[in-house]
Amino acid sequence: MQLKHFTVVTSVLAALLVHAQVNVTDIISDITDIAVLAGEVVGLVQGLDITTILTSAPKIIDNIGQIVEIITTDVEEISAGNSTFKATDQTDICDGLQQFLEAVGQIADTVTDNIDAISDIPFSGAVADVISSVKDGVDEFGGKILEMVPDCGSDTENSLESVNKSFSNCIDRLD
């Protein structure tokens with residue numbers, strides 16, 4: 001499954017972040033794209049019922065897959081080199097990471113809130129696998145960004161921890 005491959009690829013490529021240069025503009029743009037996709041997922045999950053499940057589930061999985069793809073692409077685009085940032089770039093990265101965490105956290109919270117509708121579908125195990133892959137990517141991506149820009153502070157670290165707990169709770173409820 002491509003999502004299992006995502007975890008391996010992310011782990012290997014994210015190790016490059018320690019000595020990497022990030023194109024801040026591209027990362028912020030991708031975070032905006034993730035927020036849009038996450039918003040669509042949240043809306044679809046909130047609207048799930050017996051009549052919408054068959055049409056909504058593929059779109060939900062596709063959007064989450066696109067989120068995973070964006071994260072993977074961002075990690076792949078990191079090149080070895082400089083890991084220092086101008087103060088304005090650091091602020092942009094921290095703000096972008098916070099937006100990213102809020103967007104993906106909403107997915108976990110919404111899936112958890114609608115667990116009854118989701119657990120009734122035949123492929124809820126696949127949803128759990130997808131959510132698990134997103135969690136792994138979020139942990140790796142967020143953690144490495146925090147290593148590169150420690151000025152993000154405890155609020156962002158707390159947000160990452162909170163999102164991690166939301167995903168863990170969601171996965172536990174889906175299993």
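The values are calculated or read from the model by the stated rules, or taken from the named source; none is laboratory data. These numbers come from a predicted model, not from an experiment. Using ideal geometry, Cβ is built from the backbone for each residue, glycine included, and neighbour counts are taken over all protein chains shown.
A quick yes/no check of all residues on (1) among the basic types (K, R); (2) at pLDDT 85 or above; (3) over 23 Å from V130 (Cα atoms); (4) crowded, with 18+ Cβ neighbours inside 10 Å:
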{"residue": "V42", "(1), (2), (3), (4)": "no, yes, no, yes"}
{"residue": "V45", "(1), (2), (3), (4)": "no, yes, no, yes"}
{"residue": "T55", "(1), (2), (3), (4)": "no, yes, no, no"}
{"residue": "E76", "(1), (2), (3), (4)": "no, no, no, no"}
Practice prompt. Specify the residue that is modelled with the lowest pLDDT; the eligible residues are those in the stretch 151-175 that are among the acidic types (D, E) and over 15 Å from L101 (Cβ atoms).
Written response: D175
Practice prompt. Could you tell me whether V24 is at negative phi, modelled with pLDDT of 90 or more and either surrounded by fewer than 20 Cβ atoms within 10 Å (Cβ to Cβ) or in contact with a helix residue (DSSP H, G or I) (Cβ under 8 Å, 6 or more places away or on another chain) (or both)?
Written response: no
Practice prompt. Quickly run through the stretch 130-150 and pick out the residues that are modelled with pLDDT of 85 or more, of a type outside the set (A, V, I, L, M) and over 17 Å from D92 (Cβ atoms).
Written response: S132, S133, K135, D136, G137, D139
